[in-house]
Structure formats: structure tokens, C-alpha cells
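Right, one structure below, let's go through it.
The values are calculated or read from the model by the stated rules, or taken from the named source; none is laboratory data. Worth saying up front: this structure is predicted, and the values here are computed from it rather than measured. Glycine also receives a Cβ, built like all others from the backbone with ideal geometry; neighbour counts cover every protein chain displayed. We work out accessible area using only protein heavy atoms, side chains counted, and drop any ligands, DNA or RNA first. Shrake-Rupley method; radii C 1.70, N 1.55, O 1.52, S 1.80 Å.
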Amino acid sequence: MIWNPIPLAALLTLCTVLCQWTAWRFRFPALVLLSLCGILLGPVSGIISPEAFFGKNLAPLSSLAVAVILFEGGMNLHFAELHATRKAALGMIVFGAPLGWALIASGLYFIAGFSLPVSAVLGGLLVVTGPTVVMPMLRQARLNPRVASVLKWEGIVNDPIGALFATLALEYFTSAVIRHAPAKAALMLCGAVLLISAVSCLAGLLLSTAFRKNLVPEFLKPPFMLAAVICVYAAGNAVQSEGGLVAVTVLGMTLANVPFPAFEEQRRFKEYLTTLLVSFVFIILTATLKPETLLHLPPKIVLFIIALLFVIRPLTVWLATTGSGLSAKERLFIGWIAPRGVVCVVVAGLFGPKMAAAGYEDARMLVPLVFAIVFATVVLHGFTIRPFARLLGLIPKGKQGVLIVGASPLTAALAEVLIKQDVPVLVTDGNWHSLAPLRRTLIPTAYGEALADSFTRQVDLTPYSYLLAITDNAAYDSLVCSRFSYEFGQGNTLRPPEEDEEKNRQTIAQGTILISETENFTELQNKLFSGWKFAATTLTEKFTYGDFTAKNGSSALPVALLSETGSIRFATAHGSWAPKNGETLIYFAAPQGFLSRFLH
């Protein structure tokens, strides 16, 4: 067993990185790998024993990590995106949460055979659907915006609500005073939640003001924000047990919807921190399990899990979204996707021992049952979210889309040929007048500064797999590629080279170079003005890519390849380029290049 904190930290960090990388590389749900890792390190091998190492500090440290996780989730909740899903999202929160609590608690009592107190507490915990699992699933599945918005809001907002439901039930069944005056206790809980929300909102406004007025230097902003999260969490817990979860969620939502300088930079820092914390917490908590407990779950508990997945959740969603404007397919899909995450596990770890100490023996099954449900939902929903969405038609159809930053005659010509090949294209620019010629030719445009914090709230990035930053400012193109490399991936953010790219490689290194290191924006635009045009041709056995290059030589530049399945690949300075027959080649050619094409 490892007792030294340095080797333990090194081991956990290594396991975290390897599990997250494997999940990304092979499209596995990360929590599944983290769970297996925790079981191998804990009960199977005995390498780590969290309870022996952390002692009584395990629960509060886990709760603090959850606070940071929920704060980061709250920073993803923008009110502007609710215009199309307001009724559905509010229905899932206001009506769906208490309805789900009642139905889940009833299932635990009548199907699983738990006592009423344990059923009420566990029912509250299982209301949560976990942003730590939902958000990665949504990024992987690339669903239509309406469904993604509902799942995101439910997952983030219902986390603290479910914890409060469980807290209310726990205090009711463990406190004789509260049982004698339940109405008064409920009223006091509502008052505490309102007070916590108001204080957290005020804290968010003060933090925003301090950042906007430069009262906090840039290098102190991330730690300053982290300190604010911890203080708000501690204050919320001082007012009401588990009220800190509400506090940090409201704080994150406030910062997401008020003017906040460098918002994306701060949110990105919290995302990195959250990835580490989720992994650490899940490995450590899984390591506390006893394998024999999970392997010998009573059949009635397995029956309850089946009922939860296929009856209780779909019924809750169907009733909560009635009249919301969602289609039957959208409601069916949301009724299936409900993975539980780390928040559910942590709160179960806190409340299980408390209820067992109060004399409820069946509370000892609380943590193993929660882990079984988390594992089952993450596996089932993680591996079926995209196939099921595709089956229901909830994934935007067509070819991979392209977002072009920079409006110019060059990008207009490129966008036009892509659109003719049915490729979704959006051209964005911060200059309204630069977009006017594109609007007149019916090319889809979006007015907005790509580097502004509000850009991702204004523009839905879901349909687009590639970003092309093509302007007359190479440094700006590099900044745009750097800004969006997280959303699109380093290899899917492309830009023309700067003049003398090789000499300036140390100063501009963001984004993959489009076409070649010699074809910068000025060169391409000058060729356009001299008569070069973008065009497309399909490669066949009779006219291969070798035939194309032999006929056109240096008078044509390959730009992209469209496969028959709808995927797109752009020509880059250093990437491999192996066109296949059946693919459509998009190229940029001089007038004689077009003549060669028609003579083949």
C-alpha cells in the first residue's frame, strides 16, 4: 500500500492522463476507465487505500472537488441559448426534478425493497445526471442544439437540486425536531436556498466588476476566481448542509451571463482543473469499493436498475416535457440519456455512513448501488448516445461543416464552391461591411468577433468540424486557431502561412498550415484577382489524381477532398495527402487549369 503522498499523487496523475487519453483516442466513456482503474488500484491489488490514507478528510476533500466541478459546469449555462428550449429545460428542472425524486424513491421502496428513509434519500441523489458525464458525451455526439441544451441544463442545474432533496430527506429522517415540524423545515430550506443564491449572485457581480475594472492583475485572475469558488462554497455550506453546491452553481451561471473579461480563458482553466479533479475523485472513491458487494447485488436491485432506465426516466421526461415544443423523438432520446456522475457518488459517500449510524442498516447498500447505477448508465448511454441519436435523426445530416473566419473575395469564392458540394459553411467577420458581398450571394454569414468571449454564445459550432482562419493578418489567424483549437482540435484549425513562415516559426506556431508554406493570403488573393478560380472534380479510375497533377502541374493547387461518406480533408503543408478514386477534389487553378480539366 502506498503511504507516501508524492508517489500517490504521481500514480493518480499518471492514471488520470492515461485513462482520459484512452477515452479520447478510442471514444470510450472516461468514467468507465476511471472506475476500472480505481477498482484495480484499490480492492483488487491493494496498492491504495483511500480510507486509510485520507481518513476523515476523504469526504470533505471530495465535496470540495465537486464544488469546483459544479462551478465549471455553471459557467457553461448561457441564458441566451434557452430561447428555443426554455419550456423544456424549465420543465425538466422545475417539474421533472421533484417528479423524478418521487418516482425513483417509489421504485426503490416497492421494487428494490429499501426502507422508506433510505429510498427518499437515494431517490434525491439519483435525480442528478452529472455534467461530468453529460458534457463529454454531448461533445462526442454533436447533437442538434435543442436536445443538447436541455440535457446540459438538466445535468448542471439538477445536480445541486438533487443533493438538496437528499439533504432534506436525510435531515427529516435523522432529526426528531424536523419530523415534528416538516412544513417549517421545508420553508426554512427554501429560505436558505434563496439566501445562498442571492449572495452567490452578488459575489459573481462583484467578481465581474473587479475583473472589468482591472482591480485584479491578469496573473492573479485564475487563483482569485478559485479562491472565490472555495469561499462561496464554504459560506453556502455554513447556511445549509450541501447548500455550497447551489452556491457555486449560481456563481458560475452569474459569471456566464454578465460582462466578464477573458471569460473563455478563465473557463478553460477551470475545465483543465475539473478534468483532473473528476478523475482523481472517481479513482479514489472507486478504490473504496468492495468487489464482492458489487458482484452480489440482490436480483431485486438489478430489477430496479432496469426499471430506472426503461420506465422511470422515460416517464419522468415524457411528463415533464409535455407542451414544451420538443418532438416525440427528442423526448424519447432525452428519456434514454441520463448518465449519473461523480456528484451522485460523492454525496452518496457522505450520506450513506450517516444513515447507517442513525440505525438504517440498508443504507450500507447505498454506495454500492450508486456505483452500479453510475457504471451501468455511463456504459449504456456513453456507447449508445450517438447511434441512437443518428437513428432518431437528431444529428445534423450532411457533410462535415466548415467555419471560415474572415470575409474577403478569396473566402467568398472558397465558400461558394464548398456550398455547391453541399458542405455546410459559415463565414464570420467582425466587420459588418465586409460581410455584405457574401450576404448578397446568399452565403451564410455571422457577424461577430471570433476572439470575443461572447462569440461561442452567438454562433452554434455544432455543425462545423473544421475552422479556417483566412485573413490578411497572419498573427490574427494564429490567435483564432489557438482560441478554437480546444473545440475543433489542433489539426482541424487551419490558416494560410505568414510570409517567410520558416523564419517566423517561433512566433507563429498555432494552427495547421493550409495548402503549403508559400501560399499565404496575399499570394492566394492575388491569384484570385489574376483569374484563378476554385472548382471541384470527382476522381475516377479514368481520371485519377495522378492524371490531374500531370495535366495541371503547378497551375492548380489542391485544397480539399470530400469523401462519399461526407467527411472532408484539407490539404496542408506537412500532412499526408493520398486522394482516392471516388473522392471529390476541390482545387484552386489558373484559367489554363480549367481548360485542362475539360480536355481530359
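With the convex hull drawn around the C-alpha atoms of the chain, the volume per residue stands at 175 Å³. Putting +1 on Lys and Arg Cβ atoms and -1 on Asp and Glu Cβ atoms, find which of 298, 415, 372 reaches farthest to the positive end of the dipole of the chain. Highest projection toward the positive end goes to 298.
Taking 24 Å as the cut-off for C-alpha to C-alpha distance, list the pairs among 527/551; 420/527; 56/290; 542/580; 152/354; 213/270 that go past it. In this structure, 152/354 exceed 24 Å between Cα atoms. Length gained on full extension, residue 190 to residue 95, computed as 0.36 nm times the residue gap minus the Cα-Cα distance: 32.6 nm.
Between residue 440 and residue 6, the FRET efficiency from the beta-carbon distance, with R0 = 51 Å, is close to 0.20. Rounded, prolate or oblate: pick one for region 95-222, where a ≥ b ≥ c are the square roots of the eigenvalues of its C-alpha gyration tensor, a/c under 1.5 means rounded, and failing that, prolate if a/b is larger than b/c, else oblate. The shape class here is oblate.
For region 411-456, the solvent-accessible area with a 1.4 angstrom probe is 48 square angstrom per residue. Once a ≥ b ≥ c are taken as the square roots of the eigenvalues of the Cα gyration tensor of region 1-152, is the result rounded (a/c under 1.5), prolate (a/b larger than b/c) or oblate (a/b not larger than b/c)? Here region 1-152 falls in the oblate category. Estimated at 0.36 nm per residue, the fully extended path between residue 391 and residue 420 surpasses their Cα-Cα distance by 7.7 nm.
Only protein atoms count toward the accessible area here, which uses a 1.4 Å probe; on the chain, the carbon and sulfur part of that area reaches 65 percent.
Summing Cβ point charges (Lys, Arg +1; Asp, Glu -1) relative to the Cα centre of region 402-494 gives a dipole of roughly 180 debye.
With everything on Cα atoms, drop me the angle between helix 30-39 and the longest principal axis of the chain, reported from 0 to 90° to the nearest 10. For 30-39 against the chain, the angle is about 50 degrees.
If you plug the beta carbon distance of residue 329 and residue 447 into 1/(1 + (r/R0)^6) with R0 = 41 Å, you get a FRET efficiency near 0.80. Relative to the dominant Cα principal axis of the chain, helix 366-391 is inclined by about 30°.
Can you tell me how region 425-476 classifies by the Cα gyration tensor, rounded, prolate or oblate, using a/c under 1.5 as the rounded cut? Verdict is rounded for region 425-476.
With angles folded into 0 to 90 degrees, how steeply does helix 409-420 sit against the dominant principal axis of the chain? Use alpha carbons for both and round to 10. The two axes meet at around 70 degrees. Maximal additional length on extending the residue 476-residue 302 stretch stands at 57.0 nm, based on 0.36 nm per residue less the C-alpha distance. Taking 16 Å as the cut-off, the amide N atoms of region 403-421 that come nearer than this to a point 7 Å along the Cα-to-beta-carbon line of residue 433 belong to 407-409. Exposure check, 1.4 Å probe, all protein chains in place: residue 253 carries approximately 30 Å² of accessible surface.
Simple rule: put +1 on each Lys or Arg Cβ and -1 on each Asp or Glu Cβ in the chain, find the dipole, and look at 459, 157, 585; the Cα lying farthest toward the positive end is 157.
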